[in-house]
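Just so it is clear, none of the values below were taken in a lab; they were calculated from the coordinates. These figures come from a predicted structure and were not determined experimentally. All Cβ positions, glycine included, derive from the backbone under ideal geometry; neighbour counts span all protein chains shown.
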Amino acid sequence: MTDLDAMTRRPIAVVGATGLQGGATVRALLGADAPVRALVRRTDSDAARALTELGADLVAADLDDPEGLRAAFTGVDGVFAMTTPGYDQRIDLEVAHGHAIAAAAAAAGVPHVIYSSVGGAERHTGIPHFDSKRDVEEYLIARGLSTTFVRPVFFMDNFAQFMTPTMQDGTLVVRLPLPPGIPLQMIAVDDVGAVAAAAALDPDRVAGESIEIAGDELTGEQIAAAYQRRNDVPARYDPLPIDVLGGDADQRAMFEWFAHPPAFQADFAATRALAPRTKTFEQWLATRPDL
């Protein structure tokens, strides 16, 4: 980007700027010298203040406030948005928030929306939190918005939050409700942000206005081997039965889908064309001293 471009470009609005994907997108945009309007619930939070220190402009916005959201989207060159059902798995709320984002973007005349969805959303998987994102995709299309759909696969970062290996009798044990020998496509959240930023700054770089993105594809056994190399300790993979997910219909549907390839169908070459520093799982582990 030239100095003139930086001076004349209007900001990219980032929904959920203090979240994992939103924060990654903010950092990638600022790293490309693009102005950022970071939408946050509280401008006085530590996470929000950290974005200010990086160079983002903060705007308080709530997905349940249509007028405030429209105002936050006014005068921008684009909007990055993603939606989740939240910890309470409110699929209906995710859809409502997605529709609110689309409506506000249309009302504000936003020229381009980048919506981070999920790999396979368009393939009618029957997984509730995949289908909800497809609902939002279809609503964005119905509103006539120019939209790029970035569809990430399984997050490597899940291993730092929900699926951290444990030590057992001197061996590091990786456990997933995934049969042995089944490959799982994965991506680091930071790389989702890098792809989203690239699409925001030049929408024409994404052919067909959608891309399924990934940085690696490994079986459970290969994931354990990566941990072994990283930590220099014995490691193994213990596949768990699907029943460990209990009555969680959403997670059961997702891991059952994973167990019958092909599930995710990412374009690895296109991912790296947009974000050349996209990490493999082992490279991601190297960035995590806590793992």
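Which of the listed residues, S116, H99, T166, is farthest toward the dipole's positive end in segment 64-205, when Lys, Arg count +1 and Asp, Glu count -1 at the beta-carbon?
Positive-most Cα among the choices belongs to T166.
Along the principal axes of its C-alpha atoms, what lengths does segment 97-154 span, in descending order and rounded to whole Å?
Projected onto its principal axes, the Cα set of segment 97-154 covers 32, 16, 15 Å.
Out of the DSSP beta bridges found with both residues in segment 3-286, what percent are antiparallel (nearest 5)?
The answer is about 15 percent antiparallel.
From the residues G22, F268, P180, which one has its Cα farthest along the dipole of the chain in the positive direction, the dipole being from +1 and -1 charges on Cβ of Lys/Arg and Asp/Glu about the Cα centre?
Of the options given, the answer is F268.
Counting other Cβ atoms within 10 Å, which trypsin sites (Lys or Arg not before Pro) in segment 92-179 have at most 16 and lie in a DSSP loop?
Filter output for segment 92-179: R143.
Given bins 10 angstrom wide, list per bin the percent of all Cα-Cα distances in segment 104-208, short to long.
Spelled out per bin, shortest first, that is 12, 34, 31, 15, 6, 2.
Find, among the chymotrypsin sites (Phe, Trp or Tyr not before Pro) in segment 86-150, those assigned to loop by DSSP (not H, G, I, E, B) with at most 15 other beta-carbon atoms within 10 angstrom.
Working: sites: Y87, Y115, F130, Y139, F149; in loops: Y87.
For chymotrypsin sites (Phe, Trp or Tyr not before Pro) across segment 86-150 that sit outside H, G, I, E and B with at most 15 neighbouring Cβ atoms in 10 Å, the list reads Y87.
Which trypsin sites (Lys or Arg not before Pro) in segment 12-95 sit in a loop by DSSP (not H, G, I, E or B) and have at most 16 other Cβ atoms within 10 Å of their own Cβ? Walk me through the numbers on the way to the answer.
Details: sites: R27, R37, R41, R42, R49, R70, R90; in loops: R41, R42, R90.
Loop-located and lightly packed - R41, R42, R90.
What full-extension length gain, to one decimal in nm, is calculated for T280 and D46 as 0.36 nm per residue of separation minus the Cα-Cα distance? Intermediate results must be reported in sequence, preceding the final value.
Working: separation 234, 0.36 × 234 = 84.24 nm, distance 3.05 nm.
This chain segment gains 81.2 nm when fully extended.
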